[in-house]
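Student: Could you have a look at this structure, given as structure tokens, before my questions?
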Amino acid sequence: MEIGIDSFAAVDINKGTPSSIERVNAISELIDRIIYADQVGIDFFGIGEHHREEFLDSAPHMILAAAAAKTERIRLGSAVAVLSAADPVRIFQNYATLDLISSGRAEMVVGRGSFSESFPLFGFQFEDYDALFKEKLELLLKIRSTEVVTWSGKYRAPLNEQRITPRPLQEKIPVWLGVGGTPASFERAGSMGLPLMVAIIGGETHRFRPLIDLYRKAGAVAGYAPEDLKVGIHSLGYVAATKDQAVEEYFPGYAQNFTRIGKERGWPPVTMERFAAQNGRTGALLVGDPEEVAEKILGHSAALGGISRLTFQLDNANLTHDQLKNTMRLIAEKVMPIINGG
């Protein structure tokens, strides 16, 4: 199983808008963490895409490119690129260029996004949410497989024998489909033979098994081999020397940020009781000591019929740069060997 880290380039806005220097420092430290993840042996590092003041990841390929020039082996990609509100030509060009900078280490996880602010920002209607994504995904995959493209659709100007450059070093940049909990999204990924990245940020992980079974069934019906139908999960987590330390360091920032976001979405305030339930044996949160977290990941994999990749979303609890580096070290040195039998 590959183990990765996802970041949204978060900054703390609970005390007001961060200064320019604070934003510079946040990006500098994030790039340093990607370099560190490469050095300690993490398999993948992903940068999300948001258009909100608490995140600095509105142009994730830029952050990834800066890191690509200073890393050697770690794979780099989006987590996720909001394809519904983007131009597939530009998305492909951005990540093909990243692939060249990184000597063939670029990936894309594309999705519709968990926030809606990108739609009015780029002139799209939110009610076209699914149709936009479907059309743009088909175009992106056509560009990936064909250098000279003829295409027409509803939401973008047509292409008539247009050459799309640059081409990446890899024959095909991996494109994962990032999904939440919509059955149609799982079925779509399977029918297209795309690897699946499931965002599981709450509830009990095993409850996603029927949706993953739907994905695998759709893939089999479409003629794809089981080994082509990779499943990854993206989960919130934090690893420290002991579980008590992990909870003590992680919970305050997590509660503060998710209570704030919850006000937008109608969620109740985060309490320790609710957190503990989410962080139990079958819950989605991966907050604890290395052995417990590793065993929990193995349990999730078994419950879901096997997973190929798990990515930790770490920077959602106002943790310090040093705390984030330390948890990545523990993941690489302690968690990954247990998971992979090393």
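The values are calculated or read from the model by the stated rules, or taken from the named source; none is laboratory data. In this text the structure is predicted, and so the values were computed from the model without any measurement. Glycine also receives a Cβ, built like all others from the backbone with ideal geometry; neighbour counts cover every protein chain displayed.
Student: For the stretch 45-94, which positions are assigned to a helix (DSSP H, G or I) and either under 15 Å from the mean Cα position of the chain (by Cα) or modelled with pLDDT under 95 (or both)?
Tutor: Filtering the stretch 45-94 down to residues assigned to a helix (DSSP H, G or I) leaves 60-68, 83-85, 88-94.
Of everything in the stretch 45-94, those that are assigned to a helix (DSSP H, G or I) and either under 15 Å from the mean Cα position of the chain (by Cα) or modelled with pLDDT under 95 (or both) turn out to be PRO60, HIS61, ILE63, LEU64, LEU83, SER84, ALA85.
Student: Then there is this: Examine the stretch 42-54 for a residue that is in contact with a helix residue (DSSP H, G or I) (Cβ under 6 Å, 6 or more places away or on another chain), crowded, with 18+ Cβ neighbours inside 10 Å and either more than 28 Å from ALA131 (Cα to Cα) or among the small types (Gly, Ala, Ser) (or both), and state whether such a residue exists.
Tutor: Yes, the conditions are met somewhere in the stretch 42-54.
Student: Same structure again: Going residue by residue through the stretch 30-43, is there one that turns out to be closer than 27 Å to GLU264 by Cβ, in a helix (DSSP H, G or I) and not polar (S, T, N, Q)?
Tutor: There is at least one residue in the stretch 30-43 that is closer than 27 Å to GLU264 by Cβ, in a helix (DSSP H, G or I) and not polar (S, T, N, Q).
Student: Name the single residue that is surrounded by the most Cβ atoms within 10 Å (Cβ to Cβ) among those in the stretch 318-339 being touching an Asp or Glu at 6+ places or on another chain (Cβ under 8 Å) and under 22 Å from VAL270 (Cβ atoms).
Tutor: LEU324
Student: From the list GLY123, GLY113, GLY104, which residue is on the phi > 0 side of the Ramachandran plot, assigned to a loop (DSSP other than H, G, I, E, B) and at pLDDT 95 or above?
Tutor: Details: GLY123 fails: at pLDDT 95 or above; GLY113 fails: at pLDDT 95 or above.
Result of the check over GLY123, GLY113, GLY104: GLY104.
Student: Additional query: Restrict the check to the stretch 128-143 and report whether at least one residue is among the basic types (Lys, Arg), closer than 29 Å to ILE101 by Cβ and either crowded, with 21+ Cβ neighbours inside 10 Å or at pLDDT 95 or above (or both).
Tutor: The answer is yes; a qualifying residue exists.
Student: Return the pair list, or none, for Cβ contacts closer than 6 Å from residues in the stretch 199-212 that are on the phi < 0 side of the Ramachandran plot and of a type in the set (S, T, N, Q) to residues that are crowded, with 16+ Cβ neighbours inside 10 Å and in a helix (DSSP H, G or I), at least 6 apart or on different chains.
Tutor: Filtered contacts from the stretch 199-212: THR205/HIS300.
Student: Another question about this same structure. Among all residue pairs at least 6 apart or on different chains, which show Cβ distances below 7 Å where the first residue, located in the stretch 144-170, is free of Cβ contacts under 8 Å to residues at least 60 places away in the same chain and within 14 Å of ALA96 (Cα to Cα) and the second is crowded, with 17+ Cβ neighbours inside 10 Å and among the hydrophobic types (A, V, I, L, M, F, W, C)?
Tutor: Within 7 Å, the pairs are ARG144/PHE92; ARG144/ILE173; ARG144/VAL175; GLU147/ILE164.
Student: Which of the residues belonging to the stretch 246-278 are of a type in the set (S, T, N, Q) and free of Cβ contacts under 8 Å to residues at least 24 places away in the same chain? Spell out how you get there, then give the answer.
Tutor: Within the stretch 246-278, the first condition is being of a type in the set (S, T, N, Q), and the residues that meet it are 256-257, 259, 271, 278.
Within the stretch 246-278, THR259, THR271 qualify.
Student: Which residue pairs have Cβ atoms under 8 Å apart, sit 6 or more places apart or on different chains, and have a first residue in the stretch 293-312 that is farther than 14 Å from VAL198 by Cα and surrounded by fewer than 20 Cβ atoms within 10 Å (Cβ to Cβ) and a second that is modelled with pLDDT under 95 and not hydroxyl-bearing (Ser, Thr, Tyr)?
Tutor: Partner pairs satisfying both residue conditions: GLY299/ARG281.
Student: Anything in the stretch 5-29 that is farther than 19 Å from LEU319 by Cβ and either outside any helix (DSSP H, G or I) or touching a residue at least 40 places away in the same chain (Cβ under 8 Å) (or both)? List them, or say none.
Tutor: Listed by number, the residues that qualify are GLY16, THR17, SER19.
Student: Would a scan of the stretch 13-21 turn up a residue that is on the phi < 0 side of the Ramachandran plot and under 18 Å from the mean Cα position of the chain (by Cα)?
Tutor: No, because not a single residue in the stretch 13-21 is on the phi < 0 side of the Ramachandran plot and under 18 Å from the mean Cα position of the chain (by Cα).
Student: Turning to a different aspect of this structure: What number of residues within the stretch 276-292 are part of a helix (DSSP H, G or I) and under 22 Å from the mean Cα position of the chain (by Cα)?
Tutor: Within the stretch 276-292, residues that are part of a helix (DSSP H, G or I) and under 22 Å from the mean Cα position of the chain (by Cα) number 2.
Student: Can you go through TYR254, TYR215, TYR238 and tell me which one is touching an Asp or Glu at 6+ places or on another chain (Cβ under 9 Å), buried (at least 21 other Cβ atoms within 10 Å of the Cβ), assigned to a helix (DSSP H, G or I) and of a type in the set (Phe, Trp, Tyr)?
Tutor: Matching residue, one of TYR254, TYR215, TYR238: TYR215.
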